[in-house]
Each structure stands twice: as structure tokens, then as C-alpha cells.
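To start, the structure under review is shown below, and the notes come after it.
Derivation of every value follows stated rules applied to the coordinates shown; laboratory data play no part. Here the structure is a predicted model, which is why all the values come from computation and not from measurement. No Cβ is skipped: glycine too gets one built from the backbone with ideal geometry, and neighbour counts run over all protein chains shown.
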Amino acid sequence: MLKSRLAADPGWTVSFGEAQDGETALLRLKERSYDLIFLACRGSDELPLLARMRQLHAKSAVVAVCRQSDAAFAVEAMKAGALDCLVHDQLARADLSPILRRLAQTRALITQNLELRQVNQMKNEFIANVSHELRSPLAVILGYAHALQEGTLGTLNEEQRKAVGSIAHRSDELLSTLNRILRVRESVEGLQLAELKPTDLRGVWRAAVERGAQDLRRKNLRLECAYPPEPVWVLADLAALGEVCDNLLSNAAKFSPGGGLIRLTVGVAGGRAACALQDQGQGIPPELLSRVFEDFSTARVSGPTRQSSGLGLGLALCRQAVELHSGSIWLESAGPGRGCTAHITLPLARPDGKLARVEAPVLVEKRRILIVEDNPDLIDIIQLFISGVSANLELAAARSGFEALESIKNQMPHLIVMDIMMPGMTGLELLERLRRAPDAARIPVLVLTGYADAAAQARAAGAQDVLLKPFDRNAFVSRVLALLHGAQAGESRK
Ligand code: ADP
């Protein structure tokens with residue numbers, strides 16, 4: 001009946017698929033995408049299924065169809081991502097036009113979005129080309145200016161030396177401006193650029209397994225890998241897809257009990273490349289299965305799966321990278337204590353397939369911490385402390401306040417960890433300067449100091465937290481995670 005009503009709408013060419021149960025529906029969705037899904041619901045038991053469908057295809061609209069009018073259920077369904085909620089017995093009479101109208105609006109937005117992306121890409125290419133064209137002549141100017149300064153082309157009098165010094169200085173400035181424009185394009189504008197080339201998915205996993213071997217050994221975990229005899233070709237950016245495998249493997253190892261078994265299966269299913277990584281760990285409650293893909297999910301996930309030591313960023317980065325490859329990623333778990341399986345499917349490619357360059361906005365990025373500290377030993381210790389927390393934390397070090405300001409100009413960190421007693425510019429002066437800079441003022445700062453008296457001053461100057469030296473790893477890591485999570489909460493409230 002729905003078929004005939006939808007097919008009768010003149011604005012649409014309709015093709016249908018049907019599934020008798022949730023599992024078949026999910027299989028169908030892995031094979032192809034649907035613009036509109038009608039999901040028959042007996043009650044809120046179907047809501048995790050609804051969330052899974054939205055997770056598989058963010059662009060599909062799901063209409064929940066329940067047996068009788070139930071306002072509380074309708075609210076829950078909308079919260080889980082339903083476009084609308086209809087009552088089964090009223091389907092014959094229900095006005096479907098608002099639903100179809102909203103669907104059309106969403107489609108128009110997606111098309112508009114694609115066009116904007118194209119314009120954006122043209123602009124980016126233009127900037128890249130102009131920068132490149134300027135860079136080559138600049139390299140020649142700089143080369144001659146430096147040769148003249150060094151006296152390679154003869155001795156210069158005082159006036160000539162001053163003139164050449166000025167040329168060299170200004171050219172250097174121009175070069176760093178150009179570099180900054182390019183970096184801004186890639187990082188601040190938030191672009192993820194990937195070069196996709198035909199890649200054997202087995203090789204991507206084999207390399208990740210090799211990288212993760214130490215992690216597995218540490219917990220005495222066994223890993224069984226089932227690779228097909230033939231290559232599984234996909235179009236992939238090796239580094240980006242490799243990081244996805246690293247993240248999933250690291251989660252499987254982290255949440256598995258010591259001595260447990262992890263199974264990796266790579267193959268082809270439903271016309272797509274498919275891989276699954278199954279662990280025997282603590283599992284995830286069904287209602288949290290889609291939320292763990294949210295940025296900083298660890299902070300929101302409570303209960304037995306809560307891992308306060310994690311950053312909660314890995315799966316969000318995984319989803320972003322998999323979507324860049326036109327793939328899907330999802331987790332399955334039979335519930336707490338019953339293990340977890342991470343699935344990825346990707347379009348198959350030909351081994352001689354064409355390279356593809358894709359560009360997508362970066363919605364989730366790794367977290368960057370800038371350490372400002374003049375003592376190199378302390379920088380090493382902090383790096384050691386942080387390296388075990390997450391592969392998704394990046395560190396940069398500045399040896400002085402001046403270096404820190406330069407580094408921030410080039411790339412905004414998500415957190416600054418700083419010493420107070422530093423030669424040249426003290427930490428307090430640096431805090432003052434940061435608070436006056438519109439962009440930098442929002443970055444949380446953790447001050448490390450050996451002077452109890454400096455703590456109050458640092459807080460008054462704008463530091464969010466202060467840690468007295470000496471400190472241990474746990475104290476340091478928990479402060480860092482709390483500040484990063486706090487900053488995220490602030491960002492998402494805006
Ligand atoms: P983190 O970097 O903290 O591991 P992720 O984004 O990778 O963050 O994971 C988010 C949350 O999802 C984890 O904190 C955990 O609660 C849950 N999770 C991820 N993978 C698994 C797994 N294999 N088993 C159980 N829980 C998991």
C-alpha cells in the first residue's frame with residue numbers, strides 16, 4: 001500500500017526494497033543506500049536498529065511506523081534520528097507529502113553542499129597554484145640575496161650590505177607568509193586531502209597487525225587472521241586507512257581481557273570489501289553502539305565501558321576516514337561482557353583502477369598539545385607520559401614563550417602545558433599575551449610549576465589548572481584529559 005501511494009507521487013521515480021526483519025534490513029543497507037526507510041516498530045526495542053540505520057547511511061531518512069499513537073515513543077524515535085513517526089493503521093490516510101517535501105529539501109541541501117565543496121576545491125587549487133608560482137621566483141631572489149650577503153659574489157660596501165639584508169629579510173617574511181597560507185588552507189579551514197589508489201586491503205591489515213604486535217604481546221593476546229587467497233582491491237589512502245586499522249586493533253586490545261582471543265576476517269561480502277575485528281572484551285551496551293562514534297565519546301559513555309584513560313576520539317576519526325573512502329563502519333556487540341566486533345565495508349576497486357583525489361572537511365581532528373618548557377628533560381618526560389594515552393594526541397614543544405607564540409600562529413593547539421620560570425618571557429607573561437590574542441584566549445592552559453606561590457598567580461593570569469612539580473604520570477594525564485574534555489564540552493555548547 002505504501003508502494004502504490006509513493007509510486008503515485010508525480011515528483012518521484014521510486015524503486016523499492018523490502019526486509020522482513022532488522023538483520024535483513026541492515027544487510028540490504030550495506031549493499032545499497034535508500035533515501036527513505038519505513039521501519040515498523042513494536043516499541044522502543046527497535047530504536048537501536050533505527051540508530052544503526054542512520055549510522056550506516058547518515059543521508060537516509062527513517063520514518064518509524066508504530067502500532068498505535070504513542071507520543072513518548074515518537075519523541076524517543078525522533079531523538080534516535082527518525083524523520084517522522086506514523087501510526088500503522090493510519091498509513092492509508094496519512095499525508096505523506098510533508099515527509100516527501102522534507103526528503104526533497106534534504107536532497108537539495110546535499111546537492112548544494114556538493115556544489116559548495118566544488119567551488120571551495122577550485123579556490124583551494126587556485127591558492128595552491130599561486131603559492132607555488134610565487135615560491136619559485138622567491139627561491140631565486142633568496143638564493144642571490146644570501147650569496148650576496150655571504151660575499152660569494154664580491155665584497156659589498158656598507159650601504160649595499162644593508163640593502164641586500166633588507167631584501168633577504170623581506171623575502172624570508174614573504175616565504176613564511178606563503179607557507180602559513182598553505183598551512184591555514186589545510187588545517188584551519190579544516191581540509192582532509194587524500195590520494196586514493198588501488199590497494200590490497202589484506203596488506204593494509206597486515207601492516208597494522210605488525211605495528212600492533214607489541215600491544216598484543218603485552219596483554220598476552222592471541223590474534224587469528226583470516227585473509228582470502230586473492231587480493232581485495234579497494235581505493236585507499238594507505239596512511240588514513242592504516243590509522244583506522246591501528247585504532248580498531250588498539251581498542252580490541254585495550255578492552256580484551258588478558259590472554260583473550262581477537263579474530264580478524266578480511267574478504268568480500270555483498271559486492272563490497274569487508275573486514276571484521278572481533279574481540280572477547282567487555283562489549284558495549286546496544287544503546288551506546290552509535291554514540292561511541294561521536295567526538296570525545298568516552299566522556300559521555302558511562303557504565304562498564306567507560307574508560308577514563310582514553311581520549312574517546314579514535315572511533316570518530318575512524319568514521320571520518322572510512323567515509324572519506326565511501327565506506328561504512330559500525331560496531332556490533334551482544335552487550336556488556338560479551339565482546340565487540342568492529343565492521344568496515346568499502347567499495348571494491350580494480351587493481352588497475354584510476355587514482356582518485358578526494359577532499360573533505362575535517363570535522364574531527366587529532367588533539368594537539370603544545371608544551372612550553374625550557375628544560376629538555378622535562379619535555380621528554382611529558383612526551384613519555386602522553387605517548388601511552390592515545391595515538392590521537394599530537395605533541396609539539398616550544399623552548400620559550402617566543403617559540404610558543406610562533407608555533408600557535410602556525411597551528412592552534414587544543415591545550416597548552418607550560419612552565420612558569422623561563423628565560424626571556426616568563427610563563428605569566430606568556431599567559432598575559434595569550435589572553436589578549438582573540439583566538440588563543442580560548443585555549444586551555446595547564447601550568448607546571450615548582451613554586452606553590454606561583455599557582456595563584458598563574459590562575460589569576462588565566463591558567464585553567466596548575467600542577468605542582470614533581471608530579472606523577474596519573475596526576476598529569478588525568479589533568480590533561482579533563483582539560484581536553486572540558487574544552488570540547490565548551491566547544492559543543494557554543
Ligand atoms: P578511545 O581512544 O578512548 O579508545 P574510541 O573513540 O576509540 O576512544 O572509543 C570510544 C569508546 O568506545 C571507548 O571509550 C569504549 O567505551 C568504547 N569502545 C570502543 N571499542 C571498544 C571495544 N572493542 N570493546 C568495548 N568498548 C569499546
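The average projected area of the chain, computed from the convex hull of its Cα atoms over all directions, is 30.8 nm².
The packing ranking, built from the mean of other Cβ atoms within 10 Å per residue, places the peptides 220-227, 73-80, 337-344, 348-355 in the order 337-344, 73-80, 220-227, 348-355, highest first.
Within a straight-line Cα-Cα reach of under 24 Å, Lys3 can be paired with the following lysines, leaving aside sequence neighbours fewer than 8 residues apart in one chain: Lys30, Lys59.
Summed over qualifying helices (DSSP H, 4 residues or more, each -39500 (n - 2.57)) and divided by its residue number, the chain shows a 222 nm mean residue ellipticity of -15500 deg cm²/dmol. Listed by chain and number, the lysines whose C-alpha is less than 26 Å from the C-alpha of Lys123, apart from same-chain residues fewer than 8 away, are Lys197, Lys354, Lys366, Lys409. Toward the positive end of the charge dipole of the chain, with +1 on the Cβ of Lys and Arg and -1 on the Cβ of Asp and Glu, the farthest Cα among Val477, His146, Ala7 is that of Ala7. Only helices reaching 18 angstrom along their own axis (Cα) with mean Kyte-Doolittle hydropathy no lower than -0.5 count here, and for the DSSP H runs of the chain these are 97-150, 238-255, 473-493. Working note: Debye formula, equal point scatterers on the alpha-carbon atoms of the stretch 1-115, no solvent; log10 I(q)/I(0) at q = 0.14, 0.21, 0.22 Å⁻¹ is -0.58, -1.34, -1.46. Ranking Ala80, Leu116, Ser136 by Cα position along the charge dipole of the stretch 67-182, where only Lys, Arg, Asp and Glu carry charges on their C-beta atoms, puts Ala80 farthest toward the positive end. Taking the alpha carbon gyration tensor of the stretch 46-111, multiplying each eigenvalue by 5 and rooting it gives semi-axes of 20, 17, 8 Å, largest first. For the stretch 307-347 versus the stretch 31-67, the spacing of their alpha-carbon centroids is 19 Å. Under a Cβ-Cβ cut-off of 14 Å, what is the net charge of the residues other than Gly462 that fall near it, where Lys and Arg count +1 and Asp and Glu count -1? Net of charged neighbours comes to +2. Here the chain carries DSSP beta bridges of which approximately 50% are antiparallel, counting only pairs with both residues inside. Between Ala269 and Asp380, the FRET efficiency from the beta-carbon distance, with R0 = 45 Å, is close to 0.45.
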